[in-house]
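Nothing in this text is a laboratory measurement; each read-out follows from the coordinates by a stated rule. Note that this is a predicted model, so its numbers are computed, not measured. With ideal geometry, Cβ positions are generated from the backbone for all residues, glycine too; neighbour counts draw on all protein chains shown.
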Amino acid sequence: MRERVIAALCAVAATAALLVPAIVNGYPFIFWDTGTYLFSAMRMQVPHDRPVFYSIFTALLHWRLSPWPIVIAQSALVAILIRLVAKAVFNIASAWVTPIAAIALVFGSSLPWFSGQIVPDIFTSVLMLALLLIVFGWGRMTLAERWSALCMVPVCVAVHNANLFVPLSVVPVIGILLLVGWRPGPQAAHRTFWVASGVALALAALVSSNYAARGKLVLSSASSTLLLAKMLEDGPAMAVLEHECPAAYPLLCSQLPLLQAHKASGIEPTLADFFLWEGPLDSLGWWKPVEPEASQVVKKAFAQFWRQEIPTALANGARQFWHLKTGDGLVSDPGVWATDAIRDLFGQSSLAAYQASLQGKGELQFSLLNVMHLATLVVSSGVLAWAAIASFRTDRKALHVAAFILAMLAGHAIAIGALTPLHDRYQSRVVWLIPLLATLTLCRLAFNATPSADR
């Protein structure tokens, strides 16, 4: 009982530590998409361009009273996962490692800026931690902990479309590890079945929600338009429009001169972001009327330029892998949609609290913070490399864990780089896993823990 009380107190302390940046800010962090996530479930709407399930998650927590329960729950979830990874993967029995790791991550990583933000981005790294537990910590988890990790898979995949690529990125690295002698331990087939079932369940939920809303069996009813924007930026879709306009695609062709002018100007934002958020898509009526033409252009562009698009996608993924500055998108004015959601759901006093926050006043500063985060990332990478080399002859688990995480980070970057415009926040939301693993590696030495088997 005493150990359980200590573990609970440590989890609370870690949660509180992760909330410090949001508390200092004076309000949970708000992004441009926050309004859509807050409004969708309350208005019984499935957005065209994103799942509805994170919106349901927020609605179950805020009850139109306050946004704070959302970020408290997110921070608590991360704290619990840190504890599980420390125990099951690193064999650290002491619960004190949880607040120690959380405090280190508050100062040295992007983590609290996402756990304290009202968007589903934190669930990408949560999914990675859940998969890490299932692959490397299965033998040291209780039955309840195992099912908790397994249940995280469908939840995380369902709240963000891009998270579907995280489990897929695990497949090649598992194959490589098996070839070099790694063995997954008992119940490997059992675990694989349940992870695959979780992904299938999430896909079924995504398709069902879109079918119920629009009568279409699709993962996202805006997927072609989003991909069109990226292929406009990369070139193939623009080439198709320039060759076939104005005879074909009347909606998209009406915007071609504007797109050409923006591309020639060379100014920010990127052509993809310009098309999506700076006017052209809005003038066409947003997602529904554009999607049929977008689907045709994307199919034709890929059929004609697939040899060019594949290396371009890989190059974009490599660029995305190294773009990871904290603070991307945390602007003082996140848009009318977000501020309207705060006012309509939580009242004028809540909106005033946001406007009085550091973010609301435009006083968030990230220059020094990003220097600290980059230095921590470099040192953490060195720690993981040292641990992998030092234990190579006796126990290769450090190498396997590092390779596993690196593969997921790389897979995530490639998928994001291929499908969306480059933004720092995409990789920033997951790269904090490297400082976490480095911190736990050092804590294992400090607490005299011994490596546990990969099972």
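For the chain, would you read off the P(r) tail past 42 Å as a percentage of all alpha carbon pairs?
Values: 16679 of 103285 pairs.
Counting pairs separated by more than 42 Å, the tail of P(r) holds 16 percent.
State to the nearest 20 debye the size of the charge dipole of the chain about its Cα centre, where the only charges are +1 on K and R beta carbons and -1 on D and E beta carbons.
Here the chain has a charge dipole of around 1660 debye.
For Gln117, the residues whose modelled amide H falls within less than 5 Å of its own, excluding neighbours fewer than 5 places apart on the same chain, are Phe29.
For the stretch 73-85, backbone phi angles converted through the Karplus equation (6.51, -1.76, 1.60; θ = phi - 60°) give residue-by-residue couplings of 5, 5, 5, 5, 4, 5, 4, 5, 5, 4, 4, 5, 5 Hz, Gly and Pro being listed as x.
Counting charges near Ala356 (Lys, Arg +1; Asp, Glu -1) among other residues having Cβ under 15 Å from its Cβ returns a value of 0.
Quick one: net charge of Asp121's neighbours, Cβ under 10 Å, K/R +1, D/E -1?
Working: positive: Arg425, Arg429; negative: Asp33.
Around Asp121, the charge tally is +1.
Using the Cβ-Cβ distance between Lys288 and Phe193 with R0 set to 35 Å, the FRET efficiency from 1/(1 + (r/R0)^6) comes to roughly 0.35. The separation of the stretch 68-132 from the stretch 222-265, counted between C-alpha centres, amounts to 41 Å. Under 22 Å of direct C-alpha separation, and excluding same-chain neighbours fewer than eight residues apart, Lys216 reaches these lysines: Lys288, Lys299, Lys300. Axis angle, to the nearest 10 degrees, between helix 256-265 and the longest C-alpha principal axis of the chain: 60 degrees.
Paramagnetic label reach from Ser332 (point 7 Å along Cα→Cβ; backbone nitrogen cut-off under 13 Å): within the stretch 351-382, residues 355-365.
Let's test the formula: R0 of 51 Å, r as the Cβ-Cβ distance of Arg214 and Val5. What FRET efficiency results, to the nearest 0.05?
Values: r = 50 Å, r/R0 = 0.98.
In this case the efficiency is close to 0.55.
For the stretch 363-434, the equivalent ellipsoid built from the Cα gyration tensor has semi-axes of 27, 18, 7 Å, listed from largest to smallest. Specify the angular offset, from 0 to 90 degrees and rounded to the nearest 10, of the alpha carbon long axis of helix 223-234 from the longest principal axis of the alpha carbons in the chain. With rounding to tens, the tilt is 80 degrees. Listed as lacking a disulfide-compatible partner in the chain: Cys10, Cys151, Cys156, Cys443, by the criterion of no other cysteine Cβ under 4.7 Å. Secondary-structure-derived ellipticity at 222 nm for the chain, considering helices only, amounts to -23500 deg cm²/dmol, per-run term -39500 (n - 2.57) for DSSP H runs with n ≥ 4. Using only Cα atoms and rounding to the nearest 10 degrees, what angle (0 to 90) does helix 143-159 make with the longest principal axis of the chain? The helix 143-159 is inclined about 10 degrees to the chain.
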